[in-house]
Every structure is written in structure tokens, then in C-alpha cells.
Amino acid sequence: MTETPIPAVAELSLAFLGGTGDQGRGLARRFAIAGNRVIIGSRQAERAAQAATELAATVPDASLVTGVTNEEAAAAADVIVIAVPWEGHETLVRALGPALRGKVVIDCVNPMGFDKQGAFALPVEEGSAAQQAAALLPESTVVAAFHHVSAVLLLDETVPTIETDVLVLGDDREATDLVQALVDQIAGMRGIYGGRLRNAGQVEALTANLVSINRRYKAHAGLRVTDV
């Protein structure tokens, strides 16, 4: 019996929808440093182009970074990362269905609210943001990942590695293997399979706990999975 080969990911291009936000820009920056072509997406092409120009100045090869509209980014890239605020998640995913057809879509959106007591997880009818995306994108393969990675660290030019594990969840083994291999491209990160997509809800919700930890301890905490 042969082992499943690790997917070749070095040549893949990644689009970051909502990529002008801190999380999208931070992830795009780390993948560009790893050598992947990255495309910043935004509702406004000018805003995407400006974000790409600023980001390109922080990576070794500026030619790897471009910025276009969300729809153009979705159509052009091999793998898609949804990094919009929860409030705009359903609208964006629903609108870009045709452009995302047949592609692996990584959803890293955390449905969270904030009040005087701090961060808290929001209920999602489908169970999680990732499951909502899967329901809206029946012709795409949705994988949940990158929920617990600090945008501050991703963007910090003085931080060479991000020492954290990334839980990867999905219903398609080939797709989760692909995303785990992508995670492993980023220095310090390790992709860990975390179960089927139906388990994404508690992973997204855990982000509220990490926000509380970070506020209390003035940190940028991530996760490490032991004995794996």
C-alpha cells in the first residue's frame, strides 16, 4: 500500500478575497515570502492595487503580489482564501459562486461579536462560516483553516516565523492534504487535520477565547497540538 503523496504546492497561486484587511494581507504576505504568487482581492480594484503595492514592498519578490477585484482574483487563482469580515461573508460568497466553481476554497472567517465583556462567538444557522460557504458553493471544495493565526504577527516584518499549528477541516481528503501542505509552506506553521467540516463551528468559536487570552496577557497567542 503506497502512501498518499504530499501535494506539490510551490507553484500554486492564491487569491485572498477581502485581502485588504489585516488577516488577508498578513496571510498573503507570508505566502509571497514562501514563494507563492498571491492576488489581493477587494470590491474596489484601486484599493486592491494599493494594498498590493504596499505589501509587495515587504516581500523578497515584489512581482509575486498583485491586486484586482474580488471576482477577478477568484477567477485567476488556483486556491481561494475567504478573509472578509463575517458581516460580508454570505454576500461575497453568494456573488462569487460562478468564479469559484471547481476550486478549493479556504474559509478562515470567524463569526464573532464584541461587547463590553469582550469577544463572543455568534451563532450561525448552517453551523459555521465554513459550512455556510459549502452550502452556497456546491461546485467548490470548501476547507476551513487559518482561524487562530494572529494578523499582527503575520504583518510584523520583525517576526521571521509564525510558531503555531493550523487546524484544517474538510470533507475531501485530497483538499485537506493540499491545504495542510500549503500551511507547511509558511515558516513555523504546521497544518493539522482537525476533522470534518461539521466540526468547524467550535474551531471558529475558539477564536473568541484566544482574543480574550490575548487581551488579558497582551499576547498574540496561537495553538500547538501535542503528541502529533
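In plain terms, the chain from GLN202 to ARG224 could stretch by 6.3 nm, reckoned as 0.36 nm per residue minus the Cα-Cα distance. Just checking the listed ones, VAL104, VAL79, VAL124: in the Gaussian network model of the chain with Cα springs under 10 Å, the one fluctuating most is VAL124. The alpha carbon centroids of region 195-214 and region 144-192 are separated by 15 Å.
What is the extension gain from PHE114 to THR91, computed as 0.36 nm multiplied by their sequence separation minus the C-alpha to C-alpha distance, in nm to one decimal? Length gained, PHE114 through THR91: 6.1 nm. Largest first and in whole Å, the equivalent-ellipsoid semi-axes of region 13-217 read 23, 20, 17, each the square root of five times a Cα gyration tensor eigenvalue.
Around GLN131, with a cut-off of 13 angstrom between Cβ atoms, what is the net charge of the other residues, counting Lys and Arg +1 and Asp and Glu -1? Local net charge: -4.
According to the Cα-based calculation, Rg over Rh for region 3-62 is 1.05, with Rh computed by the Kirkwood formula. Please state the relative contact order of region 13-217 as a whole percent: Cα pairs under 8 Å, 6+ residues apart? Rounded, it is 19 percent for region 13-217. Label point of GLU163 set 7 angstrom out along Cα-Cβ; within region 21-65, no amide nitrogen lies under 16 Å from it. Net charge around VAL149, counting only other residues with Cβ within less than 14 Å of its Cβ (Lys, Arg = +1; Asp, Glu = -1)? Net local charge, VAL149 excluded: -2. The local environment of GLY67, defined by Cβ-Cβ distances under 11 Å, has a net charge of -1 under the rule Lys, Arg +1 and Asp, Glu -1. Within the listed set THR53, THR141, THR176, the residue fluctuating most in the Gaussian network model of the chain (springs between alpha-carbon atoms under 10 angstrom) is THR53. Note on ALA45 and SER212: with the Förster distance fixed at 35 Å, the Cβ-Cβ geometry gives a FRET efficiency of about 0.40.
Of the trypsin sites (Lys or Arg not before Pro) in region 129-228, the ones in a loop by DSSP (not H, G, I, E or B) with at most 16 other beta carbons within 10 Å are ARG196, LYS218, ARG224.
Each value in this text was obtained by applying a stated rule to the coordinates, not by laboratory testing. For clarity, every value in this text was computed on a predicted model and none was experimentally measured. Please note: Cβ atoms are built from the backbone with ideal geometry, for glycine as well, and neighbour counts cover all protein chains shown.
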